[in-house]
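Just below is one structure, and these are the notes that go with it.
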Amino acid sequence: MTGKLHKELFLNLKQRKLATSTGFFALVLALSTTFTGCSQEKRSYQLPSTFCGIHEKESLYAPIFPPGDKLKQNSLRALKGVEESERCDYYIDGYVKITVNGDWYDKTLTPQPTLTSLIAEHGNYKPRRVPGKHSAATWPYGAVSLVECPNSEYRANLYSLTIYSDAIKDRDESHRVLGNLIQSFTSKVLNVLPCEDEPKTRS
């Protein structure tokens, strides 16, 4: 990633960081698919006991972990909203296969991010809204939620969670699994976020 793409001239600082992160993820997915192909047909490693340090139902996150022999997580730290931006990566046989981002958004940003604008960072995908308590949407290899969560330390009023995984090749099934996971995971993360008011969904 060189950071010289013309569209980055129109992104604010937070959006440029997100675009770089997701662009890198897409590149790694493409490379890992090229090298690993379809040679692996089963998952030989043990699933993590938590999902990025958050206690979540294994049945919800298990489907997004692809076949492979060895699992490694980049950090044991949970996503707790204690930094402006937090990231959790899972490596399968040396390649990044799952990434989770948690980001605060400064309330002075104009325009403020929306689910649609966040997904637009990933490509020309039409978002699929996810039914449930929180404002969330999916695209073929990811899911995002956006909630109101005021925090004076970061001058923020919004917090987003994004999950990336291309483990499920059937698109409809991928949307369904990622949609169920983002709804549940958002609730779990909100329990530990330092919101100064009651969190609210944001479309």
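Given a 1.4 Å probe and heavy atoms of the protein chains only, how would you sort E86, E41, largest accessible area at the top?
Ranked from most to least accessible, the order is E41, E86.
Would you tell me the accessible area of F185, worked out with a 1.4 angstrom probe on the heavy atoms of the protein chains, in Å² to the nearest 10?
The accessible area of F185 comes to roughly 0 Å².
Taking amide H atoms as placed 1.01 Å from N in the peptide plane, list the residues 5 or more away in sequence, or in a different chain, whose amide H sits under 5 Å from that of A136.
Distant-sequence amide H within range of A136: V130.
Check G142: other-chain or 5+ apart residues with amide H under 5 Å from its amide H, H built from backbone geometry?
Result for G142 returns S165.
Could you give each residue of the range 42-54 its phi-based ³J(HN,Hα) in whole Hz, using Karplus coefficients 6.51, -1.76, 1.60 with θ = phi - 60°, and x for Gly or Pro?
With the stated coefficients, the range 42-54 comes to 9, 9, 8, 7, 8, 5, x, 6, 10, 9, 6, x, 9 Hz.
Could you give each residue of the range 119-131 its phi-based ³J(HN,Hα) in whole Hz, using Karplus coefficients 6.51, -1.76, 1.60 with θ = phi - 60°, and x for Gly or Pro?
Per residue, the Karplus-derived 3J(HN,Hα) values read 5, 4, 5, 9, x, 8, 9, 8, x, 10, 5, 9, x Hz.
List, in order, the whole-Hz ³J(HN,Hα) value for each residue of the range 138-151 obtained from phi through the Karplus relation with A = 6.51, B = -1.76, C = 1.60 and θ = phi - 60°; use x for Gly and Pro.
With the stated coefficients, the range 138-151 comes to 10, 9, x, 10, x, 8, 9, 10, 9, 10, 7, 8, x, 8 Hz.
If we restrict to alpha carbons, what Rg and Dmax does the range 97-203 come to, in Å?
Expressed in Å, the Cα Rg and Dmax of the range 97-203 come to 13.4, 42.
Amide H of Y45 versus every other amide H placed in the peptide plane: which residues, excluding those fewer than 5 positions away on the same chain, fall under 5 Å?
When sequence neighbours closer than 5 places are left aside, the close amide H contacts are G68.
The values are calculated or read from the model by the stated rules, or taken from the named source; none is laboratory data. These figures come from a predicted structure and were not determined experimentally. Protein only, heavy atoms only, side chains kept; ligands, DNA and RNA dropped before computing areas. Shrake-Rupley method; radii C 1.70, N 1.55, O 1.52, S 1.80 Å.
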